[in-house]
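Here's the structure we're looking at; comments come further down.
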Amino acid sequence: MLACDPTKGEIRRFLLGPAGCEVTGLTATPDLKSLFINIQHPGEPANERSDPDKPLAISKWPDGAGRPRSATVVITRNDGGVIGT
């Protein structure tokens, strides 16, 4: 996921999702201190069908051990401030 600062014309990487996923559904709290994004289809191969006998072949997201699964991720700043400042 890329982030753009239109005042500076600058584009930077903001988020990198797990292998084989789609990053979707960006929304924020009204105070802009929390962002929510959805991770869909983690671990799905790009050009071939999934092998039911090898569910962990591409990704083990989100827990590092089990079958990959979709999730909602909450993003905050360490200092509790507004994201993007």
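Against the numbered list (1) without any contact (Cβ under 8 Å) to a residue 40 or more places away in the chain; (2) touching a strand residue (DSSP E or B) at 6+ places or on another chain (Cβ under 7 Å); (3) not acidic (Asp, Glu), Ser50 comes up short only at (2).
Would you check if Ala3 is surrounded by fewer than 15 Cβ atoms within 10 Å (Cβ to Cβ) and not polar (S, T, N, Q)? When the stated conditions are applied, Ala3 passes them. Of everything in the range 53-68 that is out of contact with any strand residue (DSSP E or B) (no Cβ under 9 Å at 6 or more places or on another chain) and either closer than 30 Å to Pro30 by Cα or of a type in the set (Lys, Arg) (or both), the residue that is surrounded by the fewest Cβ atoms within 10 Å (Cβ to Cβ) is Lys54. Taken over the range 4-18, residues that are among the small types (Gly, Ala, Ser) and at pLDDT below 90 amount to 0. Looking only at the range 19-52, residues that are among the basic types (Lys, Arg) and modelled with pLDDT under 90 come to 1 in all.
Restricting the range 21-64 to residues that are among the small types (Gly, Ala, Ser) and in a strand (DSSP E or B) leaves a set whose member that is farthest from Gly80 (Cα to Cα) is Gly25.
In the range 1-20, the residue that is nearest to Ala57 (Cα to Cα) out of those that are of a type in the set (A, V, I, L, M, F, W, C), over 8 Å from the mean Cα position of the chain (by Cα) and part of a loop (DSSP other than H, G, I, E, B) is Ala19. Looking at the range 25-52, which of the residues that are of a type in the set (Asp, Glu) and within 26 Å of Ala65 (Cβ to Cβ) is surrounded by the fewest Cβ atoms within 10 Å (Cβ to Cβ)? Only one residue fits best here, namely Glu48.
The values are calculated or read from the model by the stated rules, or taken from the named source; none is laboratory data. Because the structure is a prediction, the values reported are computed rather than measured. Backbone-built Cβ (ideal geometry, glycine too); neighbour counts: all protein chains shown.
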